[in-house]
Amino acid sequence: IPIVYNLILSFEQTSPATISSLFAPFAGIANYKGALVQAATQSAIIRTFTFTFLSLLFQFVIGFGLALLFNLRFPLRRVARSLVIIPWLLPLLITGFIFKFLFQAEAGAVNQILADVHLISQPIGFLTSPGWAYLTVLIANIWIGVPFFTVLLYSALQDVPIELREAAMLDGANAWQRLFRVTLPVIRPVIEVVFVLGFVFTIKVFDVVIGLTQGGPANSTQILAPWAYQLSFQQFNYGQGAAINTILLLIALFAAPVYIWLNRESLRRA
């Protein structure tokens with residue numbers, strides 16, 4: 001029902017006076033045109049895709065590294081596996097406020113640590129400088145997504161047949177060759193699923209941005225989901241906000257045919 005209502009709003013000429021009615025004047029695709037011609041929307045679209053790409057890249061690299069580490073035997077391995085899940089369990093809005101406290105210019109823990117080790121002489125405006133604010137939001141989102149990648153990739157590593165690894169070792173393959181020629185091909189379907197799900201989760205990130213920067217400063221951290229919220233509930237342009245939400249939904253739905261295409265051979269055999 002919310003999706004249908006959002007779709008209806010995107011084709012209506014809405015205002016605070018008509019928002020409670022399903023029968024506002026029909027606007028056609030005017031809301032989509034009005035939203036897409038705005039420079040803020042265009043930059044938000046570009047920023048959304050770059051933000052998603054960088055988030056998935058680092059989440060995979062860090063998550064896969066941790067999965068390989070947890071696949072080894074060492075003391076307190078189970079404790080470490082439990083601790084890595086904590087960022088995934090915290091509410092996203094709470095995570096945003098935690099990072100806001102850590103990266104604030106005055107009395108922020110990160111600035112304090114950098115000052116203590118004499119890397120900076122003055123506090124860095126992590127949340128007030130456009131470049132630093134974008135990096136801070138990116139770091140927070142990577143931190144949130146790493147447990148998801150770690151858990152699924154670690155589970156996939158458990159299913160790699162030990163016979164394959166032993167056979168590769170007997171053939172003289174080193175660790176890197178075993179990784180790229182044995183492990184990765186076996187867990188490739190899981191990697192594809194993780195990336196597709198990670199894309200869907202990341203493309204619609206909202207809570208972290210709102211909790212940290214609310215899209216600022218100067219729209220430097222503005223991505224599609226927070227921008228749709230601002231259009232709807234701060235500028236009261238419900239039609240354009242609904243149009244942005246519909247576009248965001250279509251982008252997220254695009255992940256399904258991509259997954260089917262990537263796994264077309266295995267699906268055909270099934």
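Does region 238-247 include one or more residues that are touching a strand residue (DSSP E or B) at 6+ places or on another chain (Cβ under 7 Å), modelled with pLDDT under 90 and open to solvent by less than 50 Å² (accessible area, probe 1.4 Å)? Looking for residues that are touching a strand residue (DSSP E or B) at 6+ places or on another chain (Cβ under 7 Å), modelled with pLDDT under 90 and open to solvent by less than 50 Å² (accessible area, probe 1.4 Å), one finds at least one in region 238-247, hence yes. How many of the residues making up region 224-243 are among the aliphatic types (A, V, I, L, M) and either over 18 Å from the mean Cα position of the chain (by Cα) or under 16 Å from LEU127 (Cα atoms) (or both)? Adding up the residues that qualify gives 3. The residues of region 168-194 that are over 30 Å from PRO257 (Cα atoms) and assigned to a helix (DSSP H, G or I), listed by number, are ALA168, MET169, LEU170, ALA175, TRP176, GLN177, ARG178.
Do you know which of the residues in region 65-91 that are open to solvent by less than 70 Å² (accessible area, probe 1.4 Å) and closer than 30 Å to TRP132 by Cβ is nearest to the chain's Cα centre (by Cα)? Across region 65-91, the extreme among qualifying residues is PRO87. Considering region 215-229, and only residues there that are assigned to a loop (DSSP other than H, G, I, E, B), out of contact with any Pro (no Cβ under 7 Å at 6 or more places or on another chain) and open to solvent by 10 Å² or more (accessible area, probe 1.4 Å), the residue that is farthest from PHE101 (Cα to Cα) turns out to be ASN219. The residues of region 211-240 that are touching a residue at least 60 places away in the same chain (Cβ under 8 Å) and among the aromatic types (Phe, Trp, Tyr), listed by number, are TRP227, PHE236, TYR238. Selection of region 169-197 for residues being within 30 Å of ALA252 (Cβ to Cβ) and among the aromatic types (Phe, Trp, Tyr) yields only PHE195.
This table checks each residue for (1) in contact with a Gly (Cβ under 8 Å, 6 or more places away or on another chain); (2) outside any helix (DSSP H, G or I); (3) touching a residue at least 24 places away in the same chain (Cβ under 8 Å); (4) within 20 Å of ASN71 (Cα to Cα).
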| site | (1), (2), (3), (4) |
| --- | --- |
| VAL196 | no, no, yes, no |
| VAL205 | no, yes, yes, no |
| VAL209 | yes, no, yes, no |
| ALA242 | no, no, yes, no |
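Of everything in region 39-86 that is outside any helix (DSSP H, G or I) and in contact with a helix residue (DSSP H, G or I) (Cβ under 8 Å, 6 or more places away or on another chain), the residue that is nearest to ASN6 (Cα to Cα) is ILE85. Within the option set ILE94, ILE98, ILE19, being open to solvent by 40 Å² or more (accessible area, probe 1.4 Å), among the β-branched types (Val, Ile, Thr), at pLDDT below 85 and part of a helix (DSSP H, G or I) holds for one residue only, ILE94. Within region 154-163, the residues that satisfy the criterion of being under 34 Å from the mean Cα position of the chain (by Cα) and either exposed (fewer than 11 other Cβ atoms within 10 Å of the Cβ) or part of a helix (DSSP H, G or I) (or both) are TYR154, SER155, ALA156, LEU157, GLN158, ASP159, PRO161, ILE162. Within region 108-130, the set of residues being open to solvent by 50 Å² or more (accessible area, probe 1.4 Å) and part of a helix (DSSP H, G or I) comprises GLN112, ILE113, ASP116, PRO130. Could you list, in sequence order, all residues of region 185-211 that are acidic (Asp, Glu) and either in contact with a strand residue (DSSP E or B) (Cβ under 6 Å, 6 or more places away or on another chain) or within 30 Å of PRO130 (Cβ to Cβ) (or both)? The answer is ASP207, and nothing else. Consider region 22-44 and keep the residues that are open to solvent by 80 Å² or more (accessible area, probe 1.4 Å) and modelled with pLDDT of 80 or more. The one that is nearest to PRO217 (Cα to Cα) is GLN42.
The values are calculated or read from the model by the stated rules, or taken from the named source; none is laboratory data. This is a predicted model, so every value here is computed, not measured. Glycine also receives a Cβ, built like all others from the backbone with ideal geometry; neighbour counts cover every protein chain displayed. With ligands, DNA and RNA removed, areas are computed over all heavy atoms of the protein, side chains included. Shrake-Rupley method; radii C 1.70, N 1.55, O 1.52, S 1.80 Å.
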